[in-house]
Amino acid sequence: MPKDQLDQMKKQVAESMVGQELILQAAQKEGIESSDDKIKEELAGIKEGYEDEKKFEAALEQSDMTMEDLEKEIAKNIQYTTYIDQEIEVDEVTEEEMKEYYDQAKEQGTSEEMPAYEDVKPQIKKGLEDEQKSKKTQELVEKLKKDADVKINI
């Protein structure tokens, strides 16, 4: 990979990590915590993705994580998402916006036949909401950066 691309990637990763940390700090400042029950619930959901306990433990070991590490990460994720959900309001996606997105995708489509609008409408709505949430999250991170003393050295 060329050095300039590698430097750009490092900068993006650092910016992302700073954003996540600022949101976590803001969540903690707001008193948002992760309950043991919620952590256990999330952990159970993760474990469901594995055939059995042994495969889960093997994946954990392969990731070089302990159960305690995973539980801490889950707790942080709960704080992060709770804060984002609390702070960011997603505007209602209109029928017109969904149709416009569908029509653009259809125009730019490949040779594959596009599914009917009604069949993909829920996915389009979720995608547009997620896009809006992502944009507003980035705006929130920029606001938090202005109020923080952040210096990134790469």
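The values are calculated or read from the model by the stated rules, or taken from the named source; none is laboratory data. From a predicted model like this one, the values you see are computed outputs, not experimental measurements. Cβ: placed from backbone, ideal geometry, glycine included. Neighbour counts: every protein chain shown. For accessibility, only protein heavy atoms count, side chains too; no ligands or nucleic acids. Shrake-Rupley method; radii C 1.70, N 1.55, O 1.52, S 1.80 Å.
Things to note:
- Largest mean-square fluctuation among GLN138, GLN108, GLN20, in a Gaussian network model of the chain whose springs join Cα atoms under 10 Å apart, belongs to GLN108.
- Entry comment: accessible area of segment 49-139 is 77 Å² per residue, from protein heavy atoms only and a probe of 1.4 Å.
- Highest to lowest packing among 142-154, 50-62, scored as the average C-beta count within 10 Å: 50-62, 142-154
- Kirkwood Rh and Cα Rg combined as Rg over Rh, evaluated for the chain: 1.04
- Taking the longest Cα principal axis of the chain as reference, the axis of helix 3-29 is set at about 70 degrees.
- Taking the 1.4 Å solvent-accessible surface of the chain as the whole, the part contributed by carbon and sulfur is 45%.
- Top of MET67, MET114, MET17 by mean-square fluctuation, Gaussian network on the chain, Cα under 10 Å: MET114
- Of all the options SER134, SER16, SER63, the one that moves most in a Gaussian network model of the chain with Cα springs shorter than 10 angstrom is SER63.
- Ranking GLN12, GLN132, SER63 by how far each Cα lies toward the positive end of the dipole of the chain (charges on Cβ) leaves GLN12 at the top.
- Folded to 0 to 90 degrees: helix 95-108 orientation relative to the chain principal axis, Cα: 80
- Neighbour net charge for GLU48 - beta-carbon separation under 12 angstrom, K R +1, D E -1: -3
- Counting only Cβ charges, +1 for Lys and Arg and -1 for Asp and Glu, the dipole size of the chain around its Cα centre is about 720 debye.
- Phi angles across segment 115-128 convert, under the Karplus curve 6.51 cos²θ - 1.76 cosθ + 1.60 with θ = phi - 60°, into 3J(HN,Hα) values of x, 5, 3, 4, 6, 10, 3, x, 5, 5, 4, 4, x, 5 Hz, Gly and Pro given as x.
- Highest mean first, the peptides 27-40, 78-91 sorted by other C-beta atoms within 10 Å per residue fall in the order 78-91, 27-40.
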